[in-house]
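Written below as structure tokens is the structure these notes are about.
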Amino acid sequence: MSKYDQQRNFLKSNFSEFKKIKTDAMRGISQPPKVKPYDNNSQLIDLPMVDEKTLINKNIYTCIKERRSTRFYSDKTISLDELSYLLWATQGITSTNKAGITFRTVPCSGATHTFESYLLIRNVENLIQGVYRYLPVEHKLLFMFEIDELENKIDEITLDQPFVPNFANKAAVLFIWSTTPYRSEWKYDITAHKKILIDIGHVCQNLYLASETINAGTCAIGIYDQNRIDQLLGLNKEEEFVIYLAAVGKKQ
């Protein structure tokens, strides 16, 4: 069992070790930016205000009961209202306190919010196929660039899926979450990384349940080509890198 020891210890609570550490926050080092900046000349797309009228199924019991990882999708388009709702459900800001700390639709350790939401959009109403980034403060989409042969690019990124090969290239949207670890390391030092993994689980579960409410299906993807996807999004691979994916599409 020795080969598992290090990873098993990582899963355990290490608060006693954390108490001995002087974090960068304690040292008075400036907090890193809470969100990723963007060029003022970027093309921004207004997202519709989130409204519960978008929901088809409002029964949370039914949504939890019927939630499954969905790998087969119809050709139906996801509306911009629905995409706006899914983005809000996974990273939307619901309030901000006097200290500038944002509270979102998902729990997060110390409100550090290390994630950025990128989208590979294939079949969304009035949006061209390409790569986008969600701006939670503004609740807007930032258009990054178009992609030729998008389905092939998705296949390259998602590698060989064990149950239904190449299913992700039929999804309307591929959600891609990156993490900027220092946002959490600044506050939690070496204990940050377990918290990051816990927090991204909250995000994806919200996507699962929110998808159920609009008759869409989600499948989380943990098998992906790290180098290809970081390179595609222009991430530096050390300070920011992809940590999780999820395909979303209308159910058949």
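The set of residues in the stretch 205-247 that are over 30 Å from Asp75 (Cβ atoms) and among the aliphatic types (A, V, I, L, M) contains only Leu235. For residues in the stretch 175-196 being within 22 Å of Cys219 (Cβ to Cβ) and aromatic (Phe, Trp, Tyr), which is surrounded by the most Cβ atoms within 10 Å (Cβ to Cβ)? Going through the qualifying residues, I end up with Phe175.
The rows are residues; the columns are (1) of a type in the set (S, T, N, Q); (2) farther than 19 Å from Glu239 by Cβ; (3) loosely packed, with under 10 Cβ neighbours inside 10 Å; (4) over 21 Å from the mean Cα position of the chain (by Cα).
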{"position": "Gln7", "(1), (2), (3), (4)": "yes, yes, yes, yes"}
{"position": "Lys20", "(1), (2), (3), (4)": "no, yes, yes, yes"}
{"position": "Ala25", "(1), (2), (3), (4)": "no, no, no, yes"}
{"position": "Leu47", "(1), (2), (3), (4)": "no, yes, no, no"}
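The criterion of at least 2 residues that are aromatic (Phe, Trp, Tyr) and either in contact (Cβ under 8 Å) with a residue 24 or more places away in the chain or touching a Leu at 6+ places or on another chain (Cβ under 8 Å) (or both) is met, among helices (runs of 4 or more DSSP H) falling completely within the stretch 154-252, by 182-188.
Quick one: which residue in Lys76, Lys53, Lys3, Lys22 is more than 30 Å from Val137 (Cβ to Cβ), of a type outside the set (A, V, I, L, M) and not in a loop (DSSP other than H, G, I, E, B)? The match here is Lys3.
Looking across the stretch 83-130, the residues that are hydroxyl-bearing (Ser, Thr, Tyr), in contact with a strand residue (DSSP E or B) (Cβ under 7 Å, 6 or more places away or on another chain) and part of a loop (DSSP other than H, G, I, E, B) come down to Thr105, Thr114. Which one of these is polar (S, T, N, Q), more than 14 Å from the chain's Cα centre (by Cα) and closer than 21 Å to Val35 by Cα: Asn215, Asn206, Asn236? Of the residues listed, the single one that is polar (S, T, N, Q), more than 14 Å from the chain's Cα centre (by Cα) and closer than 21 Å to Val35 by Cα is Asn236. With respect to the stated conditions, Leu142 fails to be without any contact (Cβ under 8 Å) to a residue 60 or more places away in the chain and either in a strand (DSSP E or B) or at positive phi (or both). Looking across the stretch 209-236, the residues that are touching a Lys or Arg at 6+ places or on another chain (Cβ under 6 Å) and buried (at least 21 other Cβ atoms within 10 Å of the Cβ) come down to Glu212, Ala216, Gly217, Cys219. For the residues Arg8, Arg67, Arg71, the requirement of being of a type in the set (D, E, K, R) and without any contact (Cβ under 8 Å) to a residue 12 or more places away in the chain singles out Arg8.
For first residues located in the stretch 102-131 and over 19 Å from Pro37 (Cα atoms), partners that are of a type in the set (Phe, Trp, Tyr) and modelled with pLDDT of 95 or more and lie 6+ apart or on another chain with Cβ distances below 6 Å form the pairs Ile121/Tyr132; Gly130/Phe145.
The values are calculated or read from the model by the stated rules, or taken from the named source; none is laboratory data. The model shown is predicted, which means the values in this text are computed figures rather than measured ones. All Cβ positions, even for glycine, are placed from backbone atoms using ideal geometry, and neighbour counts span all protein chains on display.
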